[in-house]
């Protein structure tokens, strides 16, 4: 079986560059992430406006020490629960955080449209280094639904601002199939792992 493509991260400052010679930095995602851009190929995508350094002419990577940097991630916990996470990996607070998912997906046994949660529409403040998690479903329930089937690939589009009002956005493509066939340890009714 060929390896699945990782989820994709694309973030950019929405502020206009101050100089014509500013370029877009590139970066590759790690773990479940890689980049999305206009061409869709990892490594050729915008992260944020950056200037070449004077000494080398190379582009600088985004400086997480000077701004908020909000991502959306999915995770499977030890008790086999699929969760969606909104996390600020930057060193400054993010305000007016909004997340839109394409396509929408359901949780809690198919009874709740997860993108409708207030977390994704009304998050006024997210401190640096903090995350907020929402339970989606047990993995077996999410991947077991067939009528209709839940999406395996989800694009999360995040918009937010820093304390000075500068706008940022990130587009993050997640391929949830990486969680579908991983071996898991299950606990029996007595709490013993089998």
Q.
Could you work out the relative contact order of segment 86-185? I mean the mean sequence separation of Cα pairs under 8 Å and 6+ apart, divided by the number of residues, in percent.
A. 33 percent
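Can you sort 77, 141 from fewest to most other Cβ atoms within 10 Å of each residue's own Cβ? Walk me through the numbers before you get to the answer.
Working: 77 12, 141 17.
Neighbour counts put them in this order, fewest first: 77, 141.
For a footprinting-style exposure proxy, rank 111, 83, 66 by other Cβ within 10 Å, fewest first. The partial results should precede the final answer.
Numbers: 111 8, 83 16, 66 11.
Placing the least packed residue first, the sequence is 111, 66, 83.
Quick one: what do you get for segment 104-186 if you divide its Cα Rg by 2.2 N^0.38 Å?
Numbers: Rg = 15.3 Å, N = 83, 2.2 N^0.38 = 11.8 Å.
Here the answer is 1.30, to two decimals.
Remind me, relative contact order of segment 58-127 in percent, using alpha carbon pairs under 8 angstrom and six or more residues apart? Please list the in-between numbers first.
Details: 101 pairs, mean separation 20.1, N = 70.
Over segment 58-127, the number comes to 29 percent.
Can you put 96, 121, 174 in order of Cβ neighbours within 10 angstrom, beginning with the fewest?
If I rank by nearby Cβ atoms, fewest first, I get 121, 96, 174.
Laboratory data are not the source of any read-out in this text; all were calculated from the coordinates shown. The structure presented is a predicted model; accordingly, all values stated were derived computationally and were not measured. Positions of Cβ are backbone-derived with ideal geometry, glycine not excepted, and every protein chain shown enters the neighbour counts.
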